[in-house]
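Heads up: the structure comes next, in structure tokens.
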Amino acid sequence: MKVLVIGSGGREHAIAWKIAKSPLVEKVFVAPGNGGTYMEEKCENVNLKGIDEYLEFAKENKIDVTVVGPEAPLVEGIVDEFKKQGLKIFGPSKEAARLEGSKIYAKEFMKRHGVRTAEYEVFYDLEGAVEYIKKCRYPCVIKADGLAQGKGVVICSSLGEAEDTLKKFMVEDVFKGSGKRIVIEEFLEGVEASILSITDGKTIIPFISAKDHKRIFDCDKGPNTGGMGVIAPNPYVTDEVLEDFKKNIMLPTLNGIKEEGLDYHGIIFFGIMITKKGVYLLEYNVRMGDPETQALLPLMKSDFFELILRAIDGKLEGCKIEWEEGFSCNVVAASKGYPGDIEKGFKVNIGDVENKIFIAGAEFKDGNLITTGGRVLSVTAVADTLDKARQKAYGDLKRIYFEGMQYRKDV
């Protein structure tokens, strides 16, 4: 089979790498891909942009299945357009993708279907939001309604910080429309966890859990990023936590999808908070996480592409996902200045590494990898203990260099 993977980050490198391992797959095209996908077996980068170009390529090249990496094309309705043309595609419809595309829609969906989540209020104007933050308890959480590349959530510890955040979101419009409408939530104290899952709209199968490290500096200091590293499984996700999650979050979500008739054949990513009061849902994502994908797929024994086909065809019921024993540790190496203004255009030197390197913000040019983005690459190591996986990942990072390279030492 021929597969088209849409996207250019580390997540898409991991997806293309894993799909290419399937005996069912002959060729993987990645649009536009990066320096990592350029070098993978069975993979070929194609310079495409926008739904129309993806559609045209899929038809002309008789693509059997398209897999969408990032959230933006899903929110824009790529799945609906492909299905109109009779093409197989993995992902939720435009309506279902609103679970990530709109925080307001997602919170209202949770409320309708009894999904346990934090108390919240919605605001469409600055004046009403300012009046509310004068009375609310701190810390509080302010979320941009729309897509913000993982940076639209701010935990505010004081009224002053909340006022500044509202100004940036609603007046300065730093997210170009996504922050004009906001959600203000109660702050939940606990430990975060990521649980990705696959669904065909009738069945949801959770993956093993993961723990993301969002902030740029050690000890969770500094601004939020798209993610600086992941360990899997998450040691805080016990059997008890998992049962609580299934009962109060996962199954009510599935019931909501069924009751509202959402066309959903893809990934649901549950961002949860484990508190003393139980497990709460923070947010939905409608695609694979980044860098959770880079940590999880190396642990997956099952044929990922076969799972994708089952989800598209509505045949997930009774399916079991097999996982390797042990742990994975993924650590991201980023450009100087990330997550703000970055410096790029530097050669990436990768020495004699032992583990899998997933490229994100680097292109293959004149025989070299050259940095092009904020998160440049990540290392994923797998071992029978978490400590060993960490040691292996950090050992490889010492063999990698590009000017301005920064990474967390405490993943």
In segment 251-317, the GluC sites (Glu not before Pro) that sit in a DSSP loop and have at most 10 other Cβ atoms within 10 Å of their own Cβ are Glu317
Between Leu126 and Glu53, 0.36 nm times their residue separation minus their Cα-Cα distance comes to what? 22.4 nm
Rounded to the nearest Å, the spacing of the alpha-carbon centers of segment 89-103 and segment 335-356 is 32
Rounded to the nearest 500, what is the 222 nm mean residue ellipticity of the chain from helices alone, with -39500 (n - 2.57) per DSSP H run of 4+ residues and division by all residues? -7000 deg cm²/dmol
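What net charge is computed for the residues neighbouring Gly10, neighbours being all others with C-beta under 14 Å from the C-beta of Gly10, Lys and Arg scored +1, Asp and Glu -1? Walk me through the intermediate numbers first.
Numbers: positive: Arg11, Lys18, Arg287, Lys356, Arg375; negative: Glu12, Glu40, Asp212, Asp290, Glu292, Glu363.
That works out to -1.
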With a probe of 1.4 Å, find how much accessible area segment 152-215 has per residue, and write the answer as a whole number in Å². 42
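If Phe270, Phe123 are ordered by their accessible area, calculated over protein heavy atoms with a 1.4 Å probe, which sequence runs from highest to lowest? All intermediate terms of the calculation are to be shown ahead of the outcome.
Values: Phe270 0, Phe123 25 Å².
From most exposed to least exposed: Phe123, Phe270.
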Summarise the accessible area of segment 1-147 (1.4 Å probe, protein heavy atoms) by the percent that is carbon and sulfur. 47
Name the most mobile residue of Ala16, Ala232, Ala148, meaning the one with the largest mean-square fluctuation, in a Gaussian network model of the chain with Cα contacts below 10 Å. Ala148
Local electrostatic count at Glu363 - Lys and Arg +1, Asp and Glu -1, tallied over other residues with Cβ under 12 Å: +2
Lys365 versus Ile155, label points 7 Å from Cα toward the beta carbon: distance in nm? 3.8
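Let me spell out the model: positive unit charges on the Cβ of Lys and Arg, negative unit charges on the Cβ of Asp and Glu, origin at the Cα centre of the chain. What dipole size does that give, in debye rounded to 20?
Details: 57 positive and 64 negative charges, 42 e Å.
Roughly 200 debye for the chain.
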What part of the accessible area of segment 234-327, given as a whole %, is carbon or sulfur when the probe is 1.4 angstrom? 44
I need to check one value: relative contact order of the chain, counting alpha carbon pairs closer than 8 Å and at least 6 residues apart, in percent. 17
For Glu243 and Met39, extending 7 Å from Cα along the Cα-Cβ vector and measuring point to point gives, in nm, a value of 4.7
Testing the spin-label approximation: label points 7 Å from Cα along Cα→Cβ at Asp218 and Glu324. State their distance in nm. 2.7
Which net charge results for the neighbourhood of Ile267, defined as the other residues with beta-carbon distances under 11 angstrom from its beta-carbon, given Lys and Arg at +1 and Asp and Glu at -1? -1
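Among the listed pairs Lys59/Lys211; Lys59/Lys168; Lys49/Lys365; Lys167/Lys336, give every one whose C-alpha distance is greater than 31 Å. Write out the running numbers ahead of the final one.
Numbers: Lys59/Lys211 39 Å; Lys59/Lys168 43 Å; Lys49/Lys365 20 Å; Lys167/Lys336 27 Å.
Where the Cα-Cα span goes over 31 Å, the pairs concerned are Lys59/Lys211; Lys59/Lys168.
Just the accessible area per residue of segment 1-114, please: how many Å² with a 1.4 Å probe?
Details: 4680 Å² over 114 residues.
Spelled out: the 1.4 Å probe surface of segment 1-114, per residue, equals 41 Å².
Using the Cα centre of segment 183-297 as the reference point, and only Cβ charges (+1 on K/R, -1 on D/E), how large is the resulting charge dipole? Debye, rounded to the nearest 20.
Working: 11 positive and 18 negative charges, 23 e Å.
Roughly 100 debye for segment 183-297.
Considering only DSSP beta bridges with both partners in the chain, what is the antiparallel share in %, to the nearest 5? Could you put the intermediate results ahead of the total?
Values: 65 of 81 bridges.
Restricted to the chain, the bridges split so that about 80 percent are antiparallel.
Gain in length, Glu26 to Asn349, computed as 0.36 nm per residue apart minus the alpha-carbon separation, to one decimal in nm?
Values: separation 323, 0.36 × 323 = 116.28 nm, distance 3.07 nm.
So the chain would gain 113.2 nm between Glu26 and Asn349.
The values are calculated or read from the model by the stated rules, or taken from the named source; none is laboratory data. All of these numbers come straight from a predicted model, not from anything done at the bench. Positions of Cβ are backbone-derived with ideal geometry, glycine not excepted, and every protein chain shown enters the neighbour counts. Each accessible area value is taken on the protein alone, full model and side chains, heavy atoms only, with ligands, DNA and RNA left out. Shrake-Rupley method; radii C 1.70, N 1.55, O 1.52, S 1.80 Å.
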